[in-house]
Every structure is written in structure tokens, then in C-alpha cells.
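The values are calculated or read from the model by the stated rules, or taken from the named source; none is laboratory data. Keep in mind that what you see is a predicted model, and the values were worked out from it rather than measured. So basically every Cβ, Gly included, is an ideal-geometry build from the backbone, and we count neighbours across all protein chains shown.
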Amino acid sequence: MILIIGGAWQGKLTFATELAKSALNSSISNNEIEEEHEIAEGSRDSFEAAMTCPIIHGFHEYIRRLLKEGKSVDAFLEAVWRQNPDVIITSDELGCGIVPFDPADREWREVSGRASVRLARISRGVYRMVCGIATQIK
């Protein structure tokens, strides 16, 4: 598992696809890895897609949906770790901005941060993206 964190629109997905392509020894083209079935989008794809796709983009959005549906974030993290151990995960850093007024948004921010901590612990690599530049922090 590899975790890529950073602000919105900082190049996380581009970097994730580069890592995925590299991991597959360039056996597929850039166009193939960018197909929808290869990337699980946290804002729209099924929870099951996160268990099989090589890239999970927008993990923080999966967390938002889990919270809204009353599902266990811990159980989801555990399932991803067990069923998709080589996945590359991108997640927006939500803790650097203004604290939201809405209690549900504050909970989402806190749970997302704690989930990132847990993912970082179990990941073999962690990167922070700023302005399209990746810095490996683990």
C-alpha cells in the first residue's frame, strides 16, 4: 500500500498513475491505467471498487460517504488493507484549513485525518504532494 496526501489539485492522481505504471513494469500504457475501471473514485464508485482497483483516488470522499451512511470507517480500512494490499491511495489533506462550522464537516475532517494516520502506519510508502512535486515522507 502507498499513501499520497496533499491539498486539492496538487497532482496526486497523476503521481499515483505514474507509480502504478512503474509498478506494472510499464506493461500497460498511460491510457489504459486511466480507464474508469482502474481507478476507484471516492466520490462516486462503489465501496467494492476500492477492494480491487490498483488506485483509490479521493479516499477522503469514501470516508464522507461512509459517515453519511452510518458505516464503519475502521471496517472499510481493514477491508481495503486485507483485500487490496498493493493499492495506491490518494487523499486530500483536510486539516490545514479553516475549521468547518458544520459539526458533520468537523467530524469528517477529524475521521479523515485519523484514517490517514492509520493508513500511513500500514503503508510501505507515504508521499506528500505540493505543486505537483512529490516528497517521500516514509
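Considering segment 1-37, and only residues there that are among the charged types (D, E, K, R) and at pLDDT below 95, the residue that is surrounded by the most Cβ atoms within 10 Å (Cβ to Cβ) turns out to be Lys21.
Within segment 82-95, residues that are touching a residue at least 12 places away in the same chain (Cβ under 8 Å) reach partners that are of a type in the set (Val, Ile, Thr) and surrounded by fewer than 19 Cβ atoms within 10 Å (Cβ to Cβ) with beta carbons closer than 7 Å, at six or more positions or on different chains, in the pairs Asn84/Thr52. Cβ-Cβ contacts under 7 Å between residues 6 or more apart (or on different chains), taken from a first residue in segment 117-138 that is more than 12 Å from Phe15 (Cβ to Cβ) to a second residue that is surrounded by 13 or more Cβ atoms within 10 Å (Cβ to Cβ) and of a type in the set (Val, Ile, Thr), are listed as Leu119/Ile89; Ala120/Val126; Ser123/Ile2; Arg124/Ile2; Ile137/Val126; Lys138/Val126. Restricting to segment 44-71, and then to whatever is touching a helix residue (DSSP H, G or I) at 6+ places or on another chain (Cβ under 7 Å) and free of Cβ contacts under 8 Å to residues at least 40 places away in the same chain, can you tell me which residue is farthest from Ala8 (Cα to Cα)? Among them, the one singled out is Met51.
Residues in segment 78-101: is at least one touching a strand residue (DSSP E or B) at 6+ places or on another chain (Cβ under 9 Å), closer than 15 Å to Leu13 by Cβ, among the hydroxyl-bearing types (Ser, Thr, Tyr) and surrounded by 16 or more Cβ atoms within 10 Å (Cβ to Cβ)? Within segment 78-101, one or more residues are touching a strand residue (DSSP E or B) at 6+ places or on another chain (Cβ under 9 Å), closer than 15 Å to Leu13 by Cβ, among the hydroxyl-bearing types (Ser, Thr, Tyr) and surrounded by 16 or more Cβ atoms within 10 Å (Cβ to Cβ). Here Arg124 meets the list (1) loosely packed, with under 11 Cβ neighbours inside 10 Å; (2) at pLDDT below 95 almost entirely, failing just condition (2). For segment 6-23, a tally of residues being at negative phi, touching an Asp or Glu at 6+ places or on another chain (Cβ under 7 Å) and in contact (Cβ under 8 Å) with a residue 40 or more places away in the chain returns 2.
All of Arg118, Arg114, Arg64 fail the test of being surrounded by 13 or more Cβ atoms within 10 Å (Cβ to Cβ), more than 29 Å from Lys21 (Cβ to Cβ), at pLDDT 95 or above and among the charged types (D, E, K, R), apart from Arg114.
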